[in-house]
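The values are calculated or read from the model by the stated rules, or taken from the named source; none is laboratory data. Everything quoted here is computed from the prediction, not taken from an experiment. Glycine also receives a Cβ, built like all others from the backbone with ideal geometry; neighbour counts cover every protein chain displayed.
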Amino acid sequence: TTKHLIAPSVLAADFARLHDEIQMVNESVADWFHIDIMDGLFVPNISFGFPVMQAIAKHAQKPLDVHLMIVDPDRYLQHCKDAGAAVITVHYEACTHLHRTLSAIHELGCKAGVALNPHTPVSLLKDVIRDIDLVCLMSVNPGFGGQQFIEHTYTKISELRALASGVNDALLIEVDGGVSIRNAAQLVEAGADVLVAGSSVFAAENPTEAVRQLKDVTSR
Ligand code: DX5
Ligand code: ZN
């Protein structure tokens, strides 16, 4: 058994066959659904919104891990909860009052996550680390699937684990962007707990098997 979690990113699914894609994740050894919400402002793309997420939640048999790539996310926390979120992750760069936002997420009964863009140092989380359930380290610039993994992420994983050590040992470290069978083992070795995988799962010839392989290499 392992504590490492695999979270396929629905952004890479075929939206015209969404029900089949959800069933694939349900039947696979995946742990969570990763749901990417974009606003065209915080990131230069728009994915889908809460009505689509709610439709996904109706069929999903695993928790929804929601990654809000939107400015001023406080406006949508209730919507996000109502649409079925278990984990709500906001961007550090999009929150003026991050501590307040994390409290609001907890008051809704959700796990609270903070995502860091590739340029944002983990040290900026020092004074709020005890209030976070999950940190999502972006290993690509957010907005699009299928981009190349940024190697510096390994260093950030180690730095983050050291920052949380003794203060928040239950912290989950999630890595999002460019994750595949090629780097999964090294990521968990560095200290990652949750691997988000979009194109490496949904574009695979056999997506269920791709999830199985990610699970296998992180269980060794
Ligand atoms: C990017 C999203 C990711 C994306 C990952 O902005 O946050 O979750 O779906 O896709 P891949 O795994 O293809 O890099
Ligand atoms: Zn994401």
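So which residues in segment 73-92 are surrounded by 15 or more Cβ atoms within 10 Å (Cβ to Cβ) and in a helix (DSSP H, G or I)? Quick ask: steps written out before the conclusion?
We begin by selecting, within segment 73-92, every residue surrounded by 15 or more Cβ atoms within 10 Å (Cβ to Cβ); these are 73-74, 76-77, 79-81, 83-92.
The answer is P73, D74, Y76, L77, H79, C80, K81, Y92.
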Where a residue in segment 205-220 is more than 16 Å from I22 (Cα to Cα) and its partner, wherever it lies, is surrounded by fewer than 19 Cβ atoms within 10 Å (Cβ to Cβ) and among the polar types (S, T, N, Q), with Cβ under 7 Å and at least six apart: T218/T2; S219/T2
Where a residue in segment 120-143 is assigned to a strand (DSSP E or B) and its partner, wherever it lies, is within 16 Å of ligand 1 (Cβ to nearest atom) and among the small types (G, A, S), with Cβ under 7 Å and at least six apart: L134/G113; V135/G113; C136/G113; C136/A115; M138/A115; M138/G177
Single residue of K58, K3, K62 found to be modelled with pLDDT under 95 and among the charged types (D, E, K, R): K3
Unique residue being closer than 24 Å to V217 by Cβ and among the small types (G, A, S) when the list is S123, S139: S139
Near pairs, Cβ below 9 angstrom, 6+ apart or cross-chain, from segment 163-180 (in contact (Cβ under 8 Å) with a residue 60 or more places away in the chain) to any residue that is assigned to a loop (DSSP other than H, G, I, E, B) and within 11 Å of ligand 2 (Cβ to nearest atom): D176/S139; D176/V140; D176/P142; D176/G198
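Give the residues of segment 101-119 that are part of a loop (DSSP other than H, G, I, E, B) and in contact with a helix residue (DSSP H, G or I) (Cβ under 8 Å, 6 or more places away or on another chain), sorted by residue number.
We begin by selecting, within segment 101-119, every residue part of a loop (DSSP other than H, G, I, E, B); these are 108-110, 117-119.
Those that are part of a loop (DSSP other than H, G, I, E, B) and in contact with a helix residue (DSSP H, G or I) (Cβ under 8 Å, 6 or more places away or on another chain): L108, G109, C110, N117, P118.
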